[in-house]
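Just so it is clear, none of the values below were taken in a lab; they were calculated from the coordinates. Note that the structure is a prediction, hence the values are computed from the model and not measured. All Cβ positions, even for glycine, are placed from backbone atoms using ideal geometry, and neighbour counts span all protein chains on display.
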Amino acid sequence: MRLDSNDGNSGGFRPSRQVPVRELPVVARLKSVAEVTLGYEKADAMAEASRCLLCADEPACQVAGCPLGSPIADWMRLCGEGRVLEAALLARQANPLPDVCGRVCPVDRLCERACILGSAASEPVAIGEIERFLGDLLSDHAARNGHETPCRVHRRERVAVAGMGPAGLACAEALLLRGFAVTGFDRWPRMGGLLRYGIPPFKLPASILDRKEAELRNLGLEFSGGRHVGAEPTIWNLLEFGYSAVFIAMGAPPAETRTVAGAGLAGVQTATAFLGQANVPRTDRPPELQQPDEELGQDVIVIGGSDAAMNCARTALRLGARRVICVYEGAESHMQAAACEVRLAREEGVEMVFEAVPLRFHEAGGRVLSVELKRIDTAGGTATFRLPADTVVLAMSHDDARGTPAREKVSVYDPRFDLEVDLGSGRTSVAGVFACPDAASGSRTVVAAIAAGLRGARTVAAYLDGVAVG
């Protein structure tokens, strides 16, 4: 990689610090679920984009930092020049969900980590905030001027997309733009998957997912909610119903949490269940999550150090918890949560306990009463202590923020569908059935899931065009 010193913003003075992002005052945050980070105005986005060095050849932010390979330097140039709609259209070509990724991507471990401006003396370009601005700008432009429909269904083949989370949304849109008839299936009544039920509205407002749903329906998507592919209908049913191809875009089942004595007590929940109940009305949940919500109580303990753990802790405060403590087994510097997420949680009153692991959950009448923890001493010693708990949320994460590395000729067996899945190509042991690697191999970031969905769309299209799939 080289710096092109004769081009764009690469010469002259540039501020070493990012343009500050507007945020709700702390006193206003806990009174509602309104979005906390308010993003950039146009002038802010232009000023921040002007900090970009516009690296030539192979910009690290694009090549090493973005699973989608988005041409970040190119849309930074346009944004810095004030050509913001052009910049938004370019960003949108690479990413069907820029407004989502700009809000939830772990940029400090992806594109912004790769930015060569980032150092002890300078902050990286705020790529995520600019992408968010561009995504919102494009959506607002479409709302004012009407949604364009660049392609109507003109192919006879029908494709079923099972799971309408980030991978499914991306795959469905790409296939629709190619002219295929697409039906999306999901066990949830609304589209969005973990974006809708696993991320709180103060971080990702539901209105963003609503407008994406409207865009896809405008392109011709048919959606069948409350249908759990694999149970009803089965893969075989879909093929019998006349679908020419099936793409499985459902995420893998949540990884089993570590065994802690008392984990089955009332009041002990997984992050998925806790956030699903908090974010989505009971009538809009799958049957298994329509049971009455558990009482939160005053003292909440969140186990984990991921962004999901911060989401749970901050949600608990908004639900009325008096005290919320996040317990993480390692040092703060090893947390998977983004630094800004930890900062926001602390500002709102979340307490942090580091280098401690849960030993057991104590009970009273079948409900959790306290958490016994072992503190890990770097010198080799240990000590136990207890924290009172009315609710415990298990938010240990196994995500890899770098995404899933490319693997060739590696297959795994997915018992949910009785299929062998090749993680390199997405082919399965059944002709016409393809799977997102995430469906079989484990959880990943939203942007990596989007990338997998786009790859899946290309694979399905090649198969239906009669092109050999590797």
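If I take every Cα pair under 8 Å that is 6 or more residues apart in the chain, average their sequence separation and divide by the length, what percent do I get for the relative contact order? Across the chain, relative contact order equals 15 percent. Note on Leu89 and Asp140: the model spin-label points, each 7 Å out from Cα along the C-beta direction, lie 1.9 nm apart. Taken about its Cα centre, the chain carries a charge dipole of roughly 340 debye when the Cβ of each Lys and Arg holds +1 and the Cβ of each Asp and Glu holds -1.
For segment 283-356, GluC sites (Glu not before Pro) meeting the loop criterion (DSSP other than H, G, I, E, B) and having at most 11 other Cβ atoms within 10 Å: Glu295.
Would you mind finding the longest exposed-site-free stretch of the chain, with exposed chymotrypsin sites (Phe, Trp or Tyr not before Pro) meaning DSSP loop and at most 16 other Cβ atoms within 10 Å?
Numbers: sites that count: Phe13, Phe241.
Free of exposed loop sites, the longest segment is 242-470.
Each of Val357 and Arg17 was given a label point 7 Å from its Cα along the Cα-to-Cβ line. The distance between the two points is 4.0 nm. Non-local lysine pairs in the chain, meaning eight or more places apart or on different chains, with alpha-carbon distances under 25 Å, amount to 4. Distances between placed amide hydrogens fall under 5 Å for Arg158 paired with Ser244, Ala245, all partners being 5 or more residues away or on another chain.
I'd like the FRET efficiency for Asp293 and Arg322, computed as 1/(1 + (r/R0)^6) with the beta carbon distance as r and R0 of 22 Å, rounded to 0.05. All intermediate terms of the calculation are to be shown ahead of the outcome.
Working: r = 18 Å, r/R0 = 0.82.
So, using R0 = 22 Å, E works out to roughly 0.75.
Would you mind calculating the relative contact order of segment 268-394 from Cα pairs under 8 angstrom and at least 6 residues apart, reporting the percent as a whole number? Intermediate values should be presented prior to the final figure.
Working: 236 pairs, mean separation 34.6, N = 127.
Reported as a whole number, the value is 27 percent.
The sum of -39500 (n - 2.57) across all DSSP H runs of n ≥ 4, divided by the residue count of the chain, sets its helix-only mean residue ellipticity at 222 nm to -9500 deg cm²/dmol. In units of the compact-protein estimate 2.2 N^0.38 Å, segment 268-394 shows a Cα radius of gyration of 1.07. If you wrap the Cα atoms of the chain in a convex hull and average its projected area over all directions, you get 24.0 nm².
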